[in-house]
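Q: Dumping the structure here so I can ask a few things about it.
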Amino acid sequence: MKSPLTIHLLTKDNANTIAGCMESLNQMNCEFLVGDLGSQDNTLHICNSYKAKIIRLSLKDDIADARNNMIAATTTPWQMVIEPWEILISGFDEIKKAVAGKQDCYRFSILDNDIASKSTRLWHKKENRKFENPRSEEHTSELQPH
């Protein structure tokens, strides 16, 4: 049975961290969609070992465009974003509940080194969300309803 959840990973030379990230999510029985921005290391080989679908992207304009291209390439109803250096250590039950149809959008606290972030990371496709770059930060993006 095809998984209703696709995990989005935007990568470039993340061979040192991507396996830990993907392994932390592997128990979710999900699909992985990797948007590669030109990795020159072993990143794509590692992603292939997790049977990830890989699409080649570029940073012509911004990160938001790259992430929105990944949304467009996703066929599952549920989508989740995680960075290739992050590891999900809790929230598995909440993700399973969401995918089972209990709620349309969730925010998670994710620890990235010493910084905790709260952002929309899991959403249903019917929410029609797109990424937008905030004006003050060139290399980040926020998921917004459209």
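Q: If you stretched the chain out fully between LYS97 and LYS2, how much longer would it get, using 0.36 nm times the residue separation minus the C-alpha to C-alpha distance? Don't skip to the end; give the middle numbers.
A: On the way: separation 95, 0.36 × 95 = 34.20 nm, distance 1.70 nm.
Contour length minus Cα-Cα distance gives 32.5 nm.
Q: Moving on. To the nearest 0.05, how large is the calculated FRET efficiency for SER24 and LYS60 if R₀ is 35 Å and r is the Cβ-Cβ distance? Kindly include the intermediate steps, with their values, before the conclusion.
A: Working: r = 31 Å, r/R0 = 0.88.
Once rounded, the FRET efficiency stands at 0.70.
Q: Which of the trypsin sites (Lys or Arg not before Pro) across region 1-82 are loop residues per DSSP, with 14 or fewer other Cβ within 10 Å?
A: Numbers: sites: LYS2, LYS12, LYS51, LYS53, ARG56, LYS60, ARG67; in loops: LYS2, LYS12, LYS51, LYS60.
Hits after loop and neighbour filter: LYS2, LYS51, LYS60.
Q: Considering the alpha-carbon set of region 26-85 alone, what are its Rg and its Dmax in angstrom?
A: Values for region 26-85 (Cα only, Rg and Dmax): 11.7, 34 Å.
Q: Follow-up question, since we're still on this one. Grab the other residues whose beta carbon is less than 13 angstrom from that of SER3, score K and R as +1, D and E as -1, and report the net. Display every interim value, and only then the final one.
A: On the way: positive: LYS2, LYS51, LYS53, LYS96; negative: GLU31.
Surrounding charge for SER3 is +3.
Q: I'd like to check one number: the per residue accessible area of region 22-87, probe 1.4 Å, reported in Å² as a whole number.
A: Values: 3160 Å² over 66 residues.
For region 22-87, the solvent-accessible area averages 48 Å² per residue.
Q: Please list ASP36, ASP41 in order of solvent-accessible area, largest first, computed with a 1.4 Å probe with all protein chains present.
A: Working: ASP36 0, ASP41 65 Å².
So the residues, ranked largest to smallest area, are ASP41, ASP36.
Q: So if I place +1 on the C-beta of Lys and Arg and -1 on the C-beta of Asp and Glu, and nothing else carries charge, what would the dipole magnitude of region 57-96 be about its Cα centre? I want it in debye, nearest 20.
A: Numbers: 3 positive and 7 negative charges, 32 e Å.
Rounded to the nearest 20 debye, it is 160 debye.
Q: Which residue, chosen from LEU57, TRP78, CYS47, occupies the Cα position most advanced towards the positive end of the dipole of region 18-104, where the dipole is computed from +1 (Lys, Arg) and -1 (Asp, Glu) charges on Cβ about the Cα centre?
A: TRP78
Q: Would you rank ILE82, ILE54, ILE87, ILE46 by solvent-accessible area, highest first, keeping every protein chain in place and using a 1.4 Å probe?
A: Largest accessible area first, the list is ILE87, ILE54, ILE46, ILE82.
Q: Would you kindly work out the equivalent ellipsoid of region 1-42 from its C-alpha gyration tensor and give its semi-axes, the square roots of five times the eigenvalues, largest first in whole Å? Intermediate results must be reported in sequence, preceding the final value.
A: Working: eigenvalues 88, 28, 8 Å².
For region 1-42, the semi-axes come out at 21, 12, 6 Å.
Q: With only Lys, Arg, Asp and Glu charged, each at its Cβ (+1 for the first two, -1 for the last two), find how big the charge dipole of region 7-93 is about the Cα centre; round to the nearest 20 debye. Please list the in-between numbers first.
A: Numbers: 6 positive and 11 negative charges, 55 e Å.
That gives a dipole near 260 debye.
The values are calculated or read from the model by the stated rules, or taken from the named source; none is laboratory data. What you see is a predicted model, and the numbers here were worked out from it, not measured in a lab. Because the Cβ atoms are built from the backbone with ideal geometry, glycine has one as well, and the counts that use them run over all protein chains shown. Areas reflect the complete protein model, heavy atoms only, side chains present, ligands, DNA and RNA absent. Shrake-Rupley method; radii C 1.70, N 1.55, O 1.52, S 1.80 Å.
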